[in-house]
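Engineer: There's a structure below that I have some questions on.
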Amino acid sequence: MAATRFLDEDGRAEKVGLNSADGAELRLGFQRFLTRAAADDDLRPWQFWRTVAVRPLLVGRRLVARDIDDPGRAGLLLVGYRALRGISPFLPLWVGALAAAPVAAWAAWELWRAGRPVAGLVFGGLLACSPYTVESLSLPYSAVGFYVIGVVGIVPLAAHACLARVRLAGLALRALAAGVVFALCVLCRSGSAFLLPGYVLALLVGAARLEPGTPPTRRATAKPLAAILLLALFLIPYVLARQPRHHEVWLGVWEGLGDFDRTRGHAWDDDAAREVLRAASVAPPERYPVWEDAPGNEALFRRLVLSDVRAAPGWYAGILARRLWATVAQRKLAPWALRDGSSIEPRRAPNEGAIDTYYAMATPVDWLGFGPWRLELPLVLFWGPTALLVLLFLAGRRAPPLRASASRLGPGLLVLLCLGAGGLGLPVLFTTAGGLETEAFAVVYFLGFALLVDEVVRCFSTRAAGLPAG
């Protein structure tokens, strides 16, 4: 879509639907051309800046997105093609990484600036050495990498709000920058909207920690007004960039209940949704996936979901509880390849449909890599450091000699709370069956490990210098 829009300089090209017969022919022909052109010009996969000449036969038709397509990634590619003054075959695989790099660097810098330099370095290193992160950012199938970017984007805002000295001007600037990240991620992957609670919590904590500076007569209202101002600044980029198109919702909610429903017929499977449409005397599309006419079917699936929830609130509450546990514990990744021969637990019921396929789209998040080397961590070692951090904080609250350490650990745990509040939204309220978004919660464990290493290094450094541990 970005390429044909770039080639349509005068706006006169024939508009072709993405999934129409002509659109499929154009899309597949264009992909074959780019593959051959990259081979003929000896382009390497890391040369995202190199462009190829486009044959005149491919000019004159413009692919038009579906109503449910998130427009952000095509928009970013269009900006990239215009900056390069040509079409790059490999830029689509790099656009996520190029967007993620400054966000990850910002997170590391904010941690460093807030007095956690080791945490900043370790957290950035874990993101770079995570095959899951790198592969999600380059995944051609969907723009799920921008959801991961949105999760990471909570870290710099929360690090400043919870760990550093907070002044209104500095926090306002960061609120606006975080708003840009959030808006971009929602435009590219609408599920990123579920991350909003994490950003809002960070802003509220920052507003509560603002250093005194208002006149005494206004001090009681200064922080609430500051919180309102910060939230407004954060939302401005999204309001300005908001597009009328967005991904379907209720079809996904209906199918997504299949992750733990075993009694009401929900399944993470388009074929199950087709049967629902047939039962409702709605003719489902046979040539394309069921979500091809998703906007027209939203009312039906919304009614079905709400009817089930009203009829059995306990059933729905149980699903939410199991989703919460599955996300926090990363239960699907419990197998360890060295011991079990597999890294992903196979689906337990037909309702889970294609859940295994979604988990297999990228290397599981409990793997680390560097170049050709890969290592899978047992799950207890993956989330264990974060659990240890919580235990040390609780122990420090009860043991007077450790209270100084607990006072330092507390703000770090508050950063993790903001990150967790954002990361839990989509897998708990929508579904865990998407796999990749559920695994993105593990960014909490990356940061927890980084904060633990920072605390250990600080303790050894202070003891070596002969200073009190506090």
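Bear in mind that the values in this text are calculations on the coordinates, not laboratory data. Note that this is a predicted model, so its numbers are computed, not measured. Ideal geometry is used to build each Cβ from the backbone, glycine not excepted, and the neighbour counts take in all protein chains shown.
Engineer: Quickly rank 158-167, 386-395 as a protection proxy: mean count of other C-beta atoms within 10 Å, highest first.
Structural biologist: 158-167, 386-395
Engineer: To continue, here is another question. As an exercise, use a Förster radius of 45 Å and the Cβ-Cβ distance of Ile236 and Ala65 to find the FRET efficiency, rounded to the nearest 0.05.
Structural biologist: 0.95
Engineer: Counting only DSSP beta bridges with both residues in the chain, tell me the antiparallel percent, nearest 5.
Structural biologist: That works out to approximately 50 percent antiparallel.
Engineer: Taking the radius of gyration and the Kirkwood hydrodynamic radius from Cα positions alone, what is the Rg/Rh ratio for the chain, to two decimal places?
Structural biologist: Taking Rg over the Kirkwood Rh, I get 0.99.
Engineer: Given 0.36 nm per residue, what is the gain on full extension from Ala349 to Leu229 after removing their alpha carbon distance, in nm?
Structural biologist: Between Ala349 and Leu229, full extension yields 38.4 nm more.
Engineer: For a quick check: with amide H placed at 1.01 Å from N, whose amide H comes under 5 Å from Val64's, ignoring anything fewer than 5 positions away on the same chain?
Structural biologist: Residues meeting the amide H criterion: Val16, Gly17, Leu18.
Engineer: Can you list residues whose amide H is under 5 Å from Ile87's amide H, if they're 5+ apart or on another chain and H is modeled 1.01 Å from N?
Structural biologist: For Ile87, whose amide H was placed from the backbone, the distant partners under 5 Å are Val52.
Engineer: Okay, moving on. Per 0.36 nm of contour for each residue apart, how much would the distance between Trp49 and Ser20 grow if the chain were fully extended, relative to their Cα-Cα spacing?
Structural biologist: Using 0.36 nm per residue and subtracting the Cα-Cα distance, I get 7.3 nm.
Engineer: Based on DSSP H runs of at least 4 residues, each adding -39500 (n - 2.57), what is the mean residue ellipticity at 222 nm of the chain after dividing by all its residues, to the nearest 500 deg cm²/dmol?
Structural biologist: Mean residue ellipticity, 222 nm, calculated: -20000 deg cm²/dmol.
Engineer: Give the relative contact order (percent, whole number) for segment 2-89; include only Cα pairs under 8 Å separated by 6+ residues.
Structural biologist: Contact order relative to length: 49 percent.
Engineer: Take every Cα pair under 8 Å in the chain that's 6+ residues apart, average their separations, divide by the length, and report that relative contact order as a whole percent.
Structural biologist: 18 percent
Engineer: Classify segment 2-89 as rounded, prolate or oblate, taking a ≥ b ≥ c as the square roots of the eigenvalues of its Cα gyration tensor: rounded when a/c is under 1.5, otherwise prolate if a/b is larger than b/c and oblate if not.
Structural biologist: prolate
Engineer: Related question: Non-local amide H neighbours of Phe48 (under 5 Å, H modeled in plane, Pro and chain starts lacking H): which ones?
Structural biologist: none
Engineer: Separate question: Angle, helix 145-163 long axis vs. longest principal axis of the chain, Cα atoms, 0 to 90°, nearest 10?
Structural biologist: Taking Cα atoms only, the helix is inclined about 20 degrees.
Engineer: Arrange the peptides 418-431, 269-282 so that the one whose residues have, on average, the most other Cβ atoms within 10 Å appears first.
Structural biologist: 418-431, 269-282
Engineer: Let me ask something else. At R0 = 41 Å, how high is the FRET efficiency between Glu298 and Arg339 if r is their beta carbon distance? Nearest 0.05 is fine.
Structural biologist: Efficiency at R0 = 41 Å is approximately 0.40.
Engineer: For an R0 of 45 angstrom, estimate the FRET efficiency from the Cβ-Cβ distance between Asp10 and Ala105 and round to the nearest 0.05.
Structural biologist: E between Asp10 and Ala105, to the nearest 0.05, is 0.70.
Engineer: Let me ask something else about it. Spelling out what I want: for every residue of segment 104-120, take phi, set θ = phi - 60°, compute 6.51 cos²θ - 1.76 cosθ + 1.60 (Karplus), and round to whole Hz; glycine and proline get x.
Structural biologist: After applying 6.51 cos²θ - 1.76 cosθ + 1.60, I find 5, 5, 4, 4, 4, 5, 5, 5, 4, 5, 7, x, 10, x, 5, 4, x Hz.
Engineer: Ranking request for peptides 199-210, 357-368: highest mean number of other beta-carbon atoms within 10 Å first, then the rest in descending order.
Structural biologist: 199-210, 357-368
Engineer: Helix 379-398 versus the longest principal axis of the chain: what angle, 0 to 90°, nearest 10, using Cα atoms?
Structural biologist: Value to nearest ten degrees: 30.
Engineer: Using only alpha carbons, build the gyration tensor for segment 262-392 and give me the equivalent ellipsoid semi-axes, biggest first, whole Å.
Structural biologist: Equivalent-ellipsoid dimensions as semi-axes: 36, 20, 12 Å.
Engineer: Between helix 196-208 and the chain, what is the angle of the helix's C-alpha long axis to the longest principal axis, kept within 0 to 90° and rounded to the nearest 10?
Structural biologist: The helix 196-208 is inclined about 30 degrees to the chain.
Engineer: To the nearest Å, what is the center-to-center distance of segment 180-197 and segment 306-325, using C-alpha atoms only?
Structural biologist: First find each Cα centre; the distance between them is then 26 Å.
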